[in-house]
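**Q** Quick one: structure below, then a few questions.
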Amino acid sequence: MLALSAGAVLSTAGLSCRRAAMKPGEKPNIIVVLSDTLRADHLGCQGYGVQTSPAIDHFSEQAVVFEQCYSQSPWTKPSIGSIYTGLLPSVHQAAITSWDIKHIDAKNVQVLRGQFTTLAENLKAVGYHTALFLSNPHVQKQFGFAGGFDEYQYVLSWNPQKHMDAVLDWLDEKAEQQPFFVFIHIVDPHGPYTPPEGTFRALFGTTPQAALDALPEEDKALLHLFKSFYNRQSKDKAVKRPPLQQLTPEGLAFLKRLYDGEIAFVDLQFARLVHFLKRRRLFDRTAVVLTSDHGESFNEHGYFHHGNCLFDEELHVPLIIRLPEMRRPVRVPYTVSGFDLYPTLASIAGGDVPEYLQGKALLSPEGNVTVTQDSPVFSELDYYRPETEIWDASMILGAKKVMSRNSGEKLLLFDRAADPEERKDRFSGDAVPIEGAEALRARFEAARREHAQLAATFGPPEWTQAGDSLREEIESMGYMM
């Protein structure tokens with residue numbers, strides 16, 4: 001998952017968003033495409049061998065590719081909260097959605113508090129017309145996640161094609177209301193991985209059903225349970241998350257192919273967006289971003305899905321930013337954070353960056369890359385429990401990762417340059433010592449104390465109540481086991 005490219009080039013010359021296509025002082029339009037659950041290492045521009053992303057790869061050839069971007073959480077709600085606020089999940093505390101069946105009147109959903117200035121509110125304040133197109137139930141308007149958006153469209157598990165249809169219809173009607181900021185949160189390649197037959201066939205030369213039919217019977221049974229798990233209703237308590245660890249190598253490869261097929265379908269929709277912007281002569285007046293909220297596990301460390309761990313497969317996400325009139329690629333090999341997107345976009349839009357933000361701008365107001373070295377990247381795992389003191393966390397700094405496990409009972413250290421699969425804990429008693437290991441431990445522990453202190457300045461989280469209909473929506477996404 002470590003994506004250090006030996007040929008990576010970091011150059012900032014001529015990377016200004018004030019270009020001939022734009023008038024002096026004109027603000028660029030901004031479009032963010034967030035593909036839910038998209039691992040960075042399943043894109044061609046990040047070295048993947050399957051042709052999942054030709055449009056995104058071509059786009060990256062005229063964009064800034066941050067090769068080592070990491071999410072602040074391995075699941076959607078806290079991660080999106082971090083992107084919207086520039087703060088860690090333990091600070092914004094819009095993370096937990098839980099139901100206590102013994103107390104059905106409990107306020108069981110944390111909301112994104114109004115005391116934070118969100119990215120959309122920041123851009124709206126400097127003249128942007130803002131719109132959100134959303135398909136994930138965890139981050140709906142009723143939980144505070146639509147703050148600052150003038151227009152809001154939500155459809156549960158929107159098919160990516162219909163999702164992009166709605167976006168393009170809106171842009172076709174509202175494109176003259178410039179500058180605009182559009183945030184497009186596409187649900188795929190989130191489970192249960194149901195790519196269109198044509199897209200799957202184009203990638204693999206067969207249909208999903210034919211590929212499934214060729215598998216051993218034990219794989220077919222497990223994959224049937226996998227689909228049933230996503231299709232269950234809240235009253236069906238008998239359907240449990242299946243033990244996909246029992247898949248044969250062939251079954252696991254098929255599951256990954258389904259996931260890749262969904263990436264390819266998202267890529268087709270991204271191509272439609274780029275084509276529309278070029279046709280309407282908006283491409284060179286618009287900053288376009290491709291990113292994700294988290295990755296996905298495929299048994300690298302014994303897990304499937306996401307929200308399980310702080311290993312790279314669930315944290316390493318794409319971050320590709322094309323500014324107006326860019327004509328060549330810039331690849332940044334340093335570690336950066338997903339929530340750096342907030343101050344980055346605020347900076348190029350001429351907005352004020354709140355002093356309390358933990359994210360750092362990756363581009364200057366002129367559009368130049370400001371990243372010249374690895375920055376510490378912090379991520380947190382909440383276990384769907386509100387007590388932040390028992391959350392686990394990780395710190396990535398270049399090739400090193402410090403990570404707590406079991407609610408902080410154990411601290412691990414990985415040298416990802418020598419051990420890219422994160423298998424060998426260098427803090428263990430029989431490990432070969434790493435120079436500077438204790439300094440990394442101290443830095444990690446000090447940072448966690450600082451994060452807790454910052455969180456305390458904002459007070460306790462706020463909660464609301466959600467009913468059975470929302471529970472069914474969230475269960476359809478594979479949550480609330």
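The values are calculated or read from the model by the stated rules, or taken from the named source; none is laboratory data. Treat the numbers as computed from the prediction; the structure is a model and nothing was measured. Positions of Cβ are backbone-derived with ideal geometry, glycine not excepted, and every protein chain shown enters the neighbour counts. Accessible surface areas use protein heavy atoms only, side chains included; no ligands, DNA or RNA. Shrake-Rupley method; radii C 1.70, N 1.55, O 1.52, S 1.80 Å.
**Q** State all residues of the stretch 123-167 that are more than 30 Å from Thr199 (Cα to Cα), of a type outside the set (A, V, I, L, M, F, W, C) and open to solvent by less than 10 Å² (accessible area, probe 1.4 Å); if no residue qualifies, say none. Give the steps one after another, and end with the answer.
**A** Going through the stretch 123-167, the residues more than 30 Å from Thr199 (Cα to Cα) turn out to be 123-130, 141-151.
Subset that is of a type outside the set (A, V, I, L, M, F, W, C): 124, 127-130, 141-142, 144, 147-148, 150-151.
Matches in the stretch 123-167: Tyr128, Thr130.
**Q** Please go through the stretch 350-409 and pick out each residue that is in contact with a strand residue (DSSP E or B) (Cβ under 9 Å, 6 or more places away or on another chain) and acidic (Asp, Glu). Talk me through it step by step, then tell me what you get.
**A** Going through the stretch 350-409, the residues in contact with a strand residue (DSSP E or B) (Cβ under 9 Å, 6 or more places away or on another chain) turn out to be 358-360, 362-363, 367, 369-384, 386, 388, 391-408.
Selection gives Asp374, Glu380, Asp382, Asp392.
**Q** To continue, here is another question. Please verify whether the stretch 147-154 includes one or more residues that are free of Cβ contacts under 8 Å to residues at least 60 places away in the same chain, on the phi > 0 side of the Ramachandran plot and more than 18 Å from the chain's Cα centre (by Cα).
**A** Checked against the condition, which is being free of Cβ contacts under 8 Å to residues at least 60 places away in the same chain, on the phi > 0 side of the Ramachandran plot and more than 18 Å from the chain's Cα centre (by Cα), the stretch 147-154 yields at least one hit.
**Q** Among the listed residues Thr388, Thr457, which satisfies the condition of being of a type in the set (Val, Ile, Thr) and in contact with a Ser or Thr (Cβ under 8 Å, 6 or more places away or on another chain)?
**A** On the way: Thr457 fails: in contact with a Ser or Thr (Cβ under 8 Å, 6 or more places away or on another chain).
Just a single option satisfies the conditions, and that option is Thr388.
**Q** Gly429 versus (1) in contact with a strand residue (DSSP E or B) (Cβ under 8 Å, 6 or more places away or on another chain); (2) of a type in the set (Gly, Ala, Ser); (3) open to solvent by 70 Å² or more (accessible area, probe 1.4 Å): which is the lone unmet condition?
**A** Going through the list (1) in contact with a strand residue (DSSP E or B) (Cβ under 8 Å, 6 or more places away or on another chain); (2) of a type in the set (Gly, Ala, Ser); (3) open to solvent by 70 Å² or more (accessible area, probe 1.4 Å), Gly429 breaks only (1).
**Q** Among (1) open to solvent by 40 Å² or more (accessible area, probe 1.4 Å); (2) touching a Leu at 6+ places or on another chain (Cβ under 9 Å), which single condition is Asp392 missing?
**A** The failed condition is (1).
**Q** Looking at (1) outside any loop (DSSP other than H, G, I, E, B); (2) surrounded by 15 or more Cβ atoms within 10 Å (Cβ to Cβ); (3) modelled with pLDDT of 95 or more, which is the only condition Ala452 fails?
**A** All conditions pass for Ala452, except number (2).
**Q** Is it fair to say Asp293 is assigned to a loop (DSSP other than H, G, I, E, B), surrounded by fewer than 22 Cβ atoms within 10 Å (Cβ to Cβ), among the acidic types (Asp, Glu) and touching a residue at least 12 places away in the same chain (Cβ under 8 Å)?
**A** Numbers: assigned to a loop (DSSP other than H, G, I, E, B): yes; surrounded by fewer than 22 Cβ atoms within 10 Å (Cβ to Cβ): no; among the acidic types (Asp, Glu): yes; touching a residue at least 12 places away in the same chain (Cβ under 8 Å): yes.
Spelling it out, it is not the case that Asp293 is assigned to a loop (DSSP other than H, G, I, E, B), surrounded by fewer than 22 Cβ atoms within 10 Å (Cβ to Cβ), among the acidic types (Asp, Glu) and touching a residue at least 12 places away in the same chain (Cβ under 8 Å).
**Q** I want to confirm something. Restricting to the stretch 173-186 and keeping residues that are open to solvent by 10 Å² or more (accessible area, probe 1.4 Å) and touching a residue at least 12 places away in the same chain (Cβ under 8 Å), which single residue is nearest to Glu151 (Cα to Cα)?
**A** Step one: filter the stretch 173-186 for residues open to solvent by 10 Å² or more (accessible area, probe 1.4 Å), giving 173-174, 176-179.
Cutting the leftovers down to touching a residue at least 12 places away in the same chain (Cβ under 8 Å) gives us 174, 177-179.
On the way: Lys174: 11, Gln177: 13, Gln178: 14, Pro179: 14 Å.
Result: Lys174.
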